[in-house]
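> One structure follows; several queries about it will come next.
Throughout, read-outs are computed from the coordinates displayed, never taken from laboratory work. Everything quoted here is computed from the prediction, not taken from an experiment. Cβ atoms come from the backbone with ideal geometry, glycine included; neighbour counts cover every protein chain shown.
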Ligand SMILES: Cc1cc2nc3c(=O)[nH]c(=O)nc-3n(C[C@H](O)[C@H](O)[C@H](O)COP(=O)(O)O)c2cc1C
C-alpha cells in the first residue's frame, strides 16, 4: 500500500494532526491548497483531514476529486472535545452513507488566528451568546476561546486511525 496524508488547515490544528499521522505512518503529508492530481498519482490510499466549519469538512469535495479511484480515509478536526452527538452530526453531514472510514479528531479553538469572514462571523456569534446569561453558561468554553486558545490535540487521539490503517 502506498499511502499519504492530504489536509486543509485554517488555524493549524488539522495540520498538526496531519503531521503526527504522517510521522507515525512514515509517509508524506500534503497541503491540499498546494497539491495537484499529479503529486498524488503514486499513491493508492489517501488519508484526508480538514477542519469542520458549520458541520462541513472543508475542501472534502476537492479532496474526493483529487483522490478519484483511490482508497480514502477521512478525518474531521473540529472545535468540540469529542461530544458524541456533534460527531454524529459531522459524520452524517459529510459521509451520510458510510462511503469512507471516518474519524473525528478534536482540534481546538483559536480566535486570534481566524481571518476574514470567519473572524467576522464568530464575532457576531459571540455577541449573540453574550446577550443571554443562559447562553453564556452553555457556551462558556467557546467564549473563553476568544481570549485564550483552546487545544484538545493529543498524540493519543490518532491511535484509532493509525490502528485502522495498519489493518489495511
Ligand atoms: C466559522 C467557524 C465554524 C466552525 N464550526 C464548527 C462546527 O460546526 N463543529 C466543530 O466541531 N467545530 C467548528 N469550528 C471549529 C473548528 O473546526 C476548529 O477550530 C478546528 O480545529 C480548526 O482546524 P484548523 O486549525 O485546522 O483550521 C468552527 C470554526 C469556525 C471558525
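> Report the Cα centroid-to-centroid distance between region 61-105 and region 27-51 in angstrom, as an integer.
That distance is 16 Å.
> Which whole-number percentage describes the relative contact order of the chain, with Cα contacts under 8 Å and a sequence gap of 6 or more?
The value is 21 percent.
> Something else: Give the Rg/Rh ratio for region 1-83, taking Rg as the radius of gyration of the Cα atoms and Rh as the Kirkwood radius, to two decimals.
0.95
> With a Förster radius of 22 Å, plug the Cβ-Cβ distance of residue 117 and residue 147 into 1/(1 + (r/R0)^6) and report the FRET value to the nearest 0.05.
On the way: r = 21 Å, r/R0 = 0.97.
Rounded to the nearest 0.05, the efficiency is 0.55.
> Using only Cα atoms, find the angle between the long axis of helix 13-25 and the longest principal axis of the chain, and express it within 0 to 90 degrees, rounded to the nearest 10.
30
> For residue 28 and residue 2, compute 0.36 nm times the residue count separating them, minus their Cα-Cα distance, and round to one decimal in nm.
8.3 nm
> Hey, what angle do you get for helix 116-130 against the long axis of the chain, alpha-carbon based, 0 to 90 degrees rounded to 10?
Approximately 40 degrees, to the nearest 10.
> Here is a follow-up. How would you rank 151, 9, going from fewest to most other Cβ atoms within 10 Å of each one's own Cβ?
Details: 151 14, 9 22.
With the sparsest Cβ surroundings first, the list reads 151, 9.
> At 0.890 mPa s and 25 °C, plugging the Kirkwood radius over alpha-carbon pairs of the chain into Stokes-Einstein gives what diffusion coefficient in µm²/s?
It diffuses with D of about 147 µm²/s by this estimate.
> Given the rule -39500 (n - 2.57) for each run of at least 4 DSSP H residues, summed and divided by the residues of the chain, what is its mean residue ellipticity at 222 nm, to the nearest 500 deg cm²/dmol?
Details: 8 runs with 70 residues, N = 168.
Calculated at 222 nm, the ellipticity per residue is -11500 deg cm²/dmol.
> To continue, here is another question. Can you give me the angle between helix 84-94 and the longest principal axis of the chain, using Cα atoms only, in degrees from 0 to 90, rounded to the nearest 10?
60
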